[in-house]
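Peer 1: First the structure, then my questions, so here it is.
Bear in mind that the values in this text are calculations on the coordinates, not laboratory data. Note that the structure is predicted; figures quoted are calculated from it, not measured. Heads up, the Cβs are rebuilt from the backbone with ideal geometry, glycines too, and the neighbour counts pull from every protein chain shown.
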Amino acid sequence: MALTPADYSLIPTQRKTLSDANWIDFTSGAGNDFSQQFLPEIYEAEAERYGNRTVSGFLRMVGAELPMTSDQVVWSEQNRLHVAYKDSATANQEVDLTGAATLGGSTITLGTDLINVVRVGATVVVADAATGIITAKCYVNAVSGQTITVQPYGAANMAAAGFSDAPVNLFVYGSEFAKGTDTMAGSVYPSFTQFNNKPVIIKDHYEVSGSDTAQIGWVEVTDEGGTSGYLWYLKGEGETRLRFQDYLEMTVVEGELNSNANLTTTGIEGTQGLFSAVETRGNVFSDFAGSTGIADFDAILKRLDKEGAIEENMLFNNRELSLEFDNMLGIVNAAYSGGSSYGVFENSEEMALNLGFAGFRRGSYDFYKSDWKYLNDASTRGSIGDIEGILIPAGTTTVYDQMLGTNIRRPFLHTRYRASEADDRRIKTWLVGSVGGRPTNGFDNMEVNFLSERCLVTQAANNFVLFKATT
């Protein structure tokens, strides 16, 4: 079976000017012009065939809006508490074991990009990087530059403990000193990771001639913002306003930092949006498959365990990913029977079926699932298919604010907009022209201008998961 037409319609679309292409025409003859003797039955109100066309509201659900007075917002995020090193294929980030069979102690060399804070007297767990299964508890008896000399507790050397000269991972679990010895040499000083983002200026504009503002139409216009009446220019202004409000959210979700020199010369710098922040600093899961079971989701849980382990999380999905989660939960649901999961009317099979899931708990985590209209709408992300959804931690996080000089609590996602006592640039609207009040210039028109300056702060992005499709 197949849906017809083969693709969804994006017609009619918007146009810059008033013309016979966006007016209903009764002057084309063929028995449908105003010279005919019979009055047609006219429906005055437009039919809302696309429902609510706005896509904003996501950030209002998960974040907040806060003012700022600078050209950038800077915040710091805590690093991990414990000392650990994981071998990486990235140049200068290796953790290599050599001299495994040496009785005097094997050496672990850290790549030059890694800072060695392991001290003499520390006790560490060493594991082979390939599998993580071969492990040894070791004592650190020497440290020099990027080299750590270790002696295994349970074997004569690392080779006897099952190791060979190969990459390893390690973490410090404590220390041990003999009686009458001096204190541990050196200190471990905390460091932090600093991030920043810059606001972008977002603008839009609507213009109509003075003559057209006096035209009374015979179609009653309405929109999602409450605009109604028989003046067609009200519809144009109202839809421009709604579209601009959607752009305020879409810009900080989709934004990218500029690395193109051709744009830099024009003063275009870009801003880091939600998707970019998670791809850069968070987790990306490709081609999630819930219809085959819960294995993919358990892999995500294991990653969350390694990161912040925030108990409550929200899933915002497109239709395909939402159904994948429903299929996954239907398979493992205790009420699963004959291919259906009963959910309403006291789970009576005879009464009704509920094949959707709004929330569930797995392991020590709670997840709340919701459709994200932005990912489904045919005129936004619904027209492409690379991003299927995102997992966002609920609640707030504590960060150090460089401007205030104190620790503050903020939602993981929040928008910062430019504002001061002189000017609030959260959402600005102003009229120019000779129509609709006191004239501001000599032009016989009305111009409506919209402006905002804002950016998104994505804190603790390591707790976010972006779901992408590659096939």
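Peer 1: Just give me the residues in the range 249-287 being without any contact (Cβ under 8 Å) to a residue 24 or more places away in the chain and touching a Phe, Trp or Tyr at 6+ places or on another chain (Cβ under 8 Å), in sequence order.
Peer 2: The answer is Glu254, and nothing else.
Peer 1: Just checking, which of Glu269, Glu220 is farther than 27 Å from Pro439 by Cβ and under 35 Å from the mean Cα position of the chain (by Cα)?
Peer 2: Glu269
Peer 1: With the range 230-305 as the region, which helices (runs of 4 or more DSSP H) entirely inside it contain at least 2 residues that are within 30 Å of Lys428 (Cβ to Cβ) and touching a helix residue (DSSP H, G or I) at 6+ places or on another chain (Cβ under 9 Å)?
Peer 2: Numbers: elements: 232-254, 261-264, 274-281.
Ranges flagged: 232-254, 274-281.
Peer 1: Would you check if Thr222 is surrounded by fewer than 18 Cβ atoms within 10 Å (Cβ to Cβ) and under 30 Å from Thr280 (Cα atoms)?
Peer 2: no
Peer 1: Right, something else. Are there any pairs, at least 6 apart or on different chains, whose C-beta atoms fall under 7 Å, with the first in the range 178-200 and on the phi > 0 side of the Ramachandran plot and the second surrounded by 12 or more Cβ atoms within 10 Å (Cβ to Cβ), and if so, which?
Peer 2: Taking only residues 6 or more apart or on different chains, the pairs are Gly186/Arg119.
Peer 1: Let me ask another. So how many residues does the range 148-184 have that are surrounded by fewer than 14 Cβ atoms within 10 Å (Cβ to Cβ), of a type in the set (Ser, Thr, Tyr) and in a strand (DSSP E or B)?
Peer 2: Residues in the range 148-184 being surrounded by fewer than 14 Cβ atoms within 10 Å (Cβ to Cβ), of a type in the set (Ser, Thr, Tyr) and in a strand (DSSP E or B): 1 in total.
Peer 1: Here is a follow-up. Consider Ala91 carefully, then state whether it is surrounded by fewer than 14 Cβ atoms within 10 Å (Cβ to Cβ), over 28 Å from the mean Cα position of the chain (by Cα) and in contact (Cβ under 8 Å) with a residue 40 or more places away in the chain.
Peer 2: No; evaluated as a whole, the condition is false for this residue.
Peer 1: Which number in (1) surrounded by 15 or more Cβ atoms within 10 Å (Cβ to Cβ); (2) more than 18 Å from Thr90 (Cα to Cα) marks the one condition that Asn141 misses?
Peer 2: Status for Asn141: all satisfied but (1).
Peer 1: Still on this structure: Could you list, in sequence order, the residues of the range 434-454 that are under 22 Å from Asp424 (Cα atoms), out of contact with any helix residue (DSSP H, G or I) (no Cβ under 7 Å at 6 or more places or on another chain) and among the hydrophobic types (A, V, I, L, M, F, W, C)?
Peer 2: Leu451
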